[in-house]
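Some notes on the structure that comes next.
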Amino acid sequence: MPNPVPSPARPRRALITGITGQDGSYLAELLIGKGYDVHGIVRRASNFNTHRIDHLYHDPHEPLAGGRGRMTLHHGDVTDANILERLVRAIDPDEVYNLAAQSHVRVSFEMPIHTYESVAIGTCKLLEAIRDHQQVGGRQVRFYQASSSEMYGASPAPQNEATPFRPRSPYAIGKLAAHWATVNVREAYGLHASCGILFNHESPRRGETFVTRKITRAVGRIRLGMQDCVYLGNLDARRDWGFAGDYVEAMWLMLQQERADDYVIATGRQLSVREFAELAFSLAGLNAADHIRHDARYLRPAEVHDLLGDASKARSVLGWNPPTTVEQLARMMVDHDIEMAQRERTLRDAGHKLIERRSGASGGA
Ligand code: NAP
Ligand code: G4F
């Protein structure tokens, strides 16, 4: 089934679940820049949860700058099959990017059922909505699934598309179910459905309870004298860390291929958590060992020790080559978080009450 050719009458339409997250925000930016009409699913929350994409909002009464697309947000949740069916029918997308997930590995041990529901069952519900819509409408819908290197779990590094999966957390088990469900609709029904097996990717927009951002936020606040130390768990785990802005490009490239397939997306370089911390602290003129404390609450019941991706296939088929090094990534995050700490301190000095940042506030994440 051919992917419809974009025309001025109908710019390409993309639906993104998880648009308010780190990757969702970079992907929305990328697609809007390419002239897509971007639709995103947002969960209703008691507080604003769109801070990562607020800069992409465009007043619908105002004309768009040449070539740029528009972003439209819809309330929804991937655990609600009804709303997924309704949105897919109403939006009639050319491309669907499924990024929604309870994405924190440590939290998935505390909330396994909730994690399976958003990660695994949510994906199945979305795939069913797309399959029905494609069958009725006859137009092809291309699908991207956010698979994860966490699925490799205990399989020795380096990992590529042929490496067996040995998941070590409820999150990874959920992702594996979603991964195989995506492969299955491709093989069984010919859906253009691809999985990106993405290794860890970070940015200044990374959630603050993931280890790189937890470290760079601490670096910023320690540098500004607002905090003395940061409590961490296992410093010996090794990860292949890239920049999220580079990785969303790979997602888009996968859906532009004639044939759907699965790809490892990674830098091919690895640092331990300790090495990343040393790098980040040194960029602010600080010594990591003086400021890191151990807290067993941040250990996991089962750890993934060693992730290092081999992205040769993505390089040769997609022509994808990430330009950002881990040093540039750490620099970007540290600079951002020093600036953020400066703003916090200015507010504090002006007498504003800041929410107390206790080490317990993240609930062991
Ligand atoms: P993230 O920042 O945690 O964003 C997750 C997004 O999913 C948020 O927009 C969140 O909404 C949304 N969400 C969670 N549960 C939902 C539900 N039930 N219904 C609808 N939306 C829901 O994650 P990320 O780093 O951008 O990652 C994007 C995807 O890639 C995730 O599926 C993640 O598991 C996967 N992945 C990430 C990495 C990585 O290193 N970043 C690597 C491999 C795979 P709220 O904003 O309302 O919470
Ligand atoms: O930053 P993390 O929480 O990321 P993790 O577990 O690798 O998962 C991330 O990457 C996956 C891709 O492989 C994604 F699928 C997933 O959605 C998520 O984006 O932890 C990285 C490492 C772990 O080994 C952890 O044990 O850092 C170690 N760590 C040590 N101290 C810590 C801490 N992790 C967190 N979150 N907090 C700590 O205090």
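Considering region 124-147, and only residues there that are of a type in the set (Gly, Ala, Ser) and open to solvent by less than 10 Å² (accessible area, probe 1.4 Å), the residue that is nearest to the chain's Cα centre (by Cα) turns out to be SER147.
One residue stands out in region 257-289 among those that are within 15 Å of ligand 2 (Cβ to nearest atom) and assigned to a loop (DSSP other than H, G, I, E, B): the one that is least open to solvent (accessible area, probe 1.4 Å), namely ALA266.
Looking only at region 104-123, which residues are within 17 Å of PRO301 (Cβ to Cβ) and either open to solvent by less than 50 Å² (accessible area, probe 1.4 Å) or modelled with pLDDT under 95 (or both)? Within region 104-123, HIS104, VAL105, ARG106, VAL107, SER108, PRO112, THR115 meet the criteria.
All of (1) at pLDDT 95 or above; (2) outside any loop (DSSP other than H, G, I, E, B); (3) out of contact with any Leu (no Cβ under 9 Å at 6 or more places or on another chain); (4) not aromatic (Phe, Trp, Tyr) hold for VAL136 with one exception: (1). Among the residues examined, ILE292 does not qualify as within 13 Å of ligand 2 (Cβ to nearest atom), modelled with pLDDT of 95 or more, open to solvent by less than 30 Å² (accessible area, probe 1.4 Å) and more than 25 Å from SER118 (Cα to Cα).
Of the residues making up region 295-336, those that are open to solvent by 80 Å² or more (accessible area, probe 1.4 Å) and among the charged types (D, E, K, R) are ARG297, ARG315, ARG331. The set of residues in region 143-167 being touching a Pro at 6+ places or on another chain (Cβ under 9 Å) and either under 15 Å from SER118 (Cα atoms) or touching a residue at least 60 places away in the same chain (Cβ under 8 Å) (or both) consists of GLU150, TYR152, GLY153, ALA154.
For LEU224, the stated conditions do not hold, so it cannot be described as under 15 Å from the mean Cα position of the chain (by Cα) and either of a type outside the set (Phe, Trp, Tyr) or more than 20 Å from ILE83 (Cβ to Cβ) (or both). Among the residues of region 26-49, at least one is within 16 Å of ligand 2 (Cβ to nearest atom), in contact (Cβ under 8 Å) with a residue 24 or more places away in the chain and assigned to a helix (DSSP H, G or I).
The rows are residues; the columns are (1) away from ligand 1 (no atom under 16 Å from the Cβ); (2) surrounded by fewer than 14 Cβ atoms within 10 Å (Cβ to Cβ); (3) part of a helix (DSSP H, G or I).
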residue	(1), (2), (3)
GLY66	yes, yes, no
LEU73	no, no, no
ASP77	no, no, no
LEU87	no, no, yes
VAL96	no, no, no
GLN102	no, no, no
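Residue count for region 279-309 under the criterion of being more than 19 Å from the chain's Cα centre (by Cα) and within 16 Å of LEU198 (Cα to Cα): the result is 1.
When the residues of region 8-43 are narrowed to those that are open to solvent by 50 Å² or more (accessible area, probe 1.4 Å) and modelled with pLDDT under 95, which ends up nearest to the chain's Cα centre (by Cα)? The extreme case among them is ARG10. Being modelled with pLDDT under 95, small (Gly, Ala, Ser) and part of a loop (DSSP other than H, G, I, E, B), is that true of even one residue in region 161-179? No, region 161-179 has no match at all. If ARG52 satisfies all but one of (1) in contact with a strand residue (DSSP E or B) (Cβ under 7 Å, 6 or more places away or on another chain); (2) within 16 Å of ligand 2 (Cβ to nearest atom); (3) open to solvent by 10 Å² or more (accessible area, probe 1.4 Å), what's the number of the condition it fails? Status for ARG52: all satisfied but (1).
State which residue is nearest to GLU202 (Cα to Cα) when the search covers only region 219-242 and only residues that are assigned to a strand (DSSP E or B), within 15 Å of ligand 1 (Cβ to nearest atom) and open to solvent by less than 30 Å² (accessible area, probe 1.4 Å). Looking at the filtered set, the residue picked out is GLY242.
The values are calculated or read from the model by the stated rules, or taken from the named source; none is laboratory data. Nothing here was measured: the structure is a model prediction, and the numbers come from that model. Neighbour counts run over all protein chains shown; Cβ positions are idealised from the backbone, glycine included. The accessibility values were calculated without ligands, DNA or RNA, using every heavy atom of the protein model including side chains. Shrake-Rupley method; radii C 1.70, N 1.55, O 1.52, S 1.80 Å.
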